[in-house]
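Visitor: Let me give you the structure first, and then I'll get to my questions.
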Amino acid sequence: MKNTFGTSVSVTIFGESHGGGIGAVLDGMAPGIAVDTEFITSQLDKRKPKGRISTSRKEGDEFAIVSGVFNGRTTGTPICIMIPNSNTKSGDYEKTKDLARPGHADYTAQCKYHGFQDYRGGGHFSGRITAGLVAAGAIAIAALKEKGITVGTHIKKCAGIADRAFENIQNDIEYINTTEFAVLDPSREEPMKAAITAAAEEGDSVGGILETAVYGLPAGVGEPWFDSFEGVLSHALFGIPAIKGVQFGAGFDLADMRGSTANDAFRSDNGRVYTATNNNGGINGGITNGMPVVFSCAVKPTPSIYKEQATIDMSTNENSPLQIQGRHDPAIIHRARVVVDSVAALVICDMLAQRFGTDYFIGEQI
């Protein structure tokens with residue numbers, strides 16, 4: 001099992017949903033970067049369940065940074081962040097441990113780990129593990145902000161209800177990063193929440209689309225072909241549970257355009273190069289072009305639903321009905337937006353360090 005991502009700046013995740021704790025190790029960050037524990041807490045709060053649209057499992061996420069930070073700044077050595085699990089109900093999973101939950105990794109984990117995996121709450125496959133990514137990502141987000149680079153994600157669509165698109169990206173990012181429910185049009189919040197609640201009342205779940213913008217990235221980051229900016233970022237994004245599709249800029253809509261419409265015309269204004277449109281999402285040939293990087297992630301409906309489903313008993317390979325127990329989210333899209341921000345920030349830090357050197361984030365401090 002491989003749990004590390006990144007080259008110059010890497011993140012390793014560890015733990016299980018119902019184990020003693022979870023966390024992340026962030027390695028390769030330059031020394032001297034300010035670490036704001038209150039900001040880390042605020043980012044973790046965005047991921048926490050809230051109200052009827054989320055699971056009833058409440059975790060404090062009281063993290064501890066056990067290495068790599070001294071006197072409020074990174075030391076340049078690995079940063080280890082640990083988060084204890086304090087509200088587990090493992091008995092909810094004992095009766096159905098041999099039944100493969102549709103949409104989950106139970107069956108594939110059984111095939112790969114031969115029954116030695118921790119099945120409680122999905123174990124290491126659980127979305128609970130993303131808390132470590134958010135904690136580590138908060139350090140990356142703060143480091144990027146010092147370089148004038150900001151990241152923000154909104155709920156582009158949930159249960160078929162659409163939010164408005166990004167317009168003034170710099171201002172929109174600043175706005176959504178202060179919201180609890182990340183929509184750009186406040187009038188979309190209640191209809192989305194009502195749709196999630198309606199699905200929950202029926203024992204079902206909903207999914208949607210998250211759209212992310214990265215503002216302030218310099219041109220020239222990324223490689224052609226196999227280490228393209230969108231290729232590396234997509235690789236990491238697909239590691240987030242429930243992400244089943246990623247597109248950049250206009251994405252699949254480009255297939256219906258002519259080249260005269262799809263092409264982003266280059267312009268210059270007092271030496272500043274930009275494109276008149278951004279259909280390619282700020283990337284050409286795998287390399288950033290200085291425009292905002294914009295991408296979308298398709299988030300599938302939460303697979304844990306309370307309706308009876310057909311499955312197999314993995315101990316006998318016989319067909320069996322399944323009625324799950326436990327505490328589950330009718331939607332995770334509103335919680336996942338900060339996870340996408342965090343993963344994007346970690347990848348961007350890594351790619352900037354590869355392009356400009358590991359001391360890029362220190363700047364004038366050295």
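Visitor: Once amide H atoms are built 1.01 Å from N in the peptide plane, which residues 5 or more positions from GLY245, or in another chain, come under 5 Å H to H?
Guide: Amide H neighbours of GLY245, under 5 Å, 5+ apart: ALA298.
Visitor: Right, something else. I'd like to know which of GLY132, PRO191, SER260 lies farthest towards the positive end of the charge dipole of the stretch 4-365, counting +1 on Cβ of Lys and Arg and -1 on Cβ of Asp and Glu.
Guide: Checked the options; the winner is PRO191.
Visitor: Which of SER320, SER86 has the fewest other C-beta atoms within 10 Å, and how do the rest follow up to the most? Provide the component values of the computation, followed by the final result.
Guide: Numbers: SER320 17, SER86 12.
Starting with the residue having the fewest Cβ neighbours, the order is SER86, SER320.
Visitor: Could you list TYR107, TYR215 in order of exposure, starting from the residue whose Cβ has the fewest other Cβ atoms within 10 Å?
Guide: TYR107, TYR215
Visitor: For THR311, which sequence-distant residues (separation of 5 or more, or a different chain) have an amide H within less than 5 Å of its own amide H, given hydrogens modelled in the peptide plane?
Guide: SER320, LEU322
Visitor: Hey, which of these cross-link pairs are over 31 Å Cα-Cα: LYS46/LYS307; LYS97/LYS157; LYS50/LYS112; LYS112/LYS193; LYS2/LYS193? Numbers along the way, then the final one.
Guide: Details: LYS46/LYS307 28 Å; LYS97/LYS157 34 Å; LYS50/LYS112 34 Å; LYS112/LYS193 37 Å; LYS2/LYS193 36 Å.
Flagged as over cut-off: LYS97/LYS157; LYS50/LYS112; LYS112/LYS193; LYS2/LYS193.
Visitor: Residue by residue, what Karplus-based ³J(HN,Hα) values in Hz, rounded to whole numbers, does the stretch 226-237 have, using 6.51, -1.76 and 1.60 with θ = phi - 60° and x for Gly and Pro?
Guide: Along the stretch 226-237, the couplings run 7, 10, 4, 4, 6, x, 5, 5, 4, 3, 6, 4 Hz.
Visitor: Pick from GLU146, GLU201, GLU38 the residue whose mean-square fluctuation is largest in a GNM of the chain, springs joining Cα atoms under 10 Å.
Guide: Residue with maximal mean-square fluctuation among GLU146, GLU201, GLU38: GLU38.
Visitor: Could you tell me which residue out of THR74, PRO31, THR108 lies farthest along the dipole of the stretch 1-155 toward its positive end? Charges go on the beta carbon: Lys and Arg +1, Asp and Glu -1, centred on the Cα centre.
Guide: So the residue furthest toward the plus end is THR108.
Visitor: Continuing with the same structure: For the peptides 272-282, 252-262, 299-309, what is the packing order when you average, over each peptide's residues, the other Cβ atoms within 10 Å and list the highest mean first? Can you show the working numbers first?
Guide: Details: 272-282: 16.7, 252-262: 10.3, 299-309: 18.5.
Peptide ranking by packing, descending: 299-309, 272-282, 252-262.
Visitor: At a 10 Å Cβ-Cβ cut-off, how would you order ARG164, ARG267, ARG335, fewest neighbours first?
Guide: Details: ARG164 13, ARG267 10, ARG335 20.
The fewest-first ordering by Cβ neighbours comes to ARG267, ARG164, ARG335.
Visitor: Please determine, in degrees from 0 to 90 and to the nearest 10, the orientation of helix 333-356 with respect to the longest principal axis defined by the Cα atoms of the chain, where the helix direction is its Cα long axis.
Guide: 40 degrees
Visitor: Tell me the relative contact order for the chain as a rounded percent, counting alpha carbon contacts under 8 Å between residues six or more apart. Walk me through the numbers on the way to the answer.
Guide: Values: 761 pairs, mean separation 86.7, N = 366.
With pairs under 8 Å counted, the relative contact order is 24 percent.
Visitor: Rounded to the nearest 500 deg cm²/dmol, what is the calculated helix-only ellipticity per residue at 222 nm for the chain, with -39500 (n - 2.57) per DSSP H run of length n ≥ 4? Mind showing how you got there, number by number?
Guide: Details: 9 runs with 98 residues, N = 366.
Dividing the helical sum by the residues of the chain leaves -8000 deg cm²/dmol.
Visitor: Cut-off under 18 Å on the C-alpha distance; same-chain residues fewer than 8 positions from LYS48 excluded. Which aspartates and glutamates are left, in chain and number order?
Guide: Partners within reach: GLU16, GLU38, GLU59, ASP61, GLU62, GLU180, GLU189, ASP329, ASP341.
Visitor: Could you pull out every residue, at least 5 positions away or on a different chain, whose amide H is within less than 5 Å of the one on GLY21? Hs are placed 1.01 Å off N in the peptide plane, and Pro or chain starts have none.
Guide: GLU16, ASN85
Since every read-out is calculated from the coordinates, none of them should be taken as a lab result. Keep in mind it's a predicted model, so treat the numbers as computed, not measured. Neighbour counts are summed over all protein chains in view; Cβ atoms, including those assigned to glycine, are modelled from backbone coordinates with ideal geometry.
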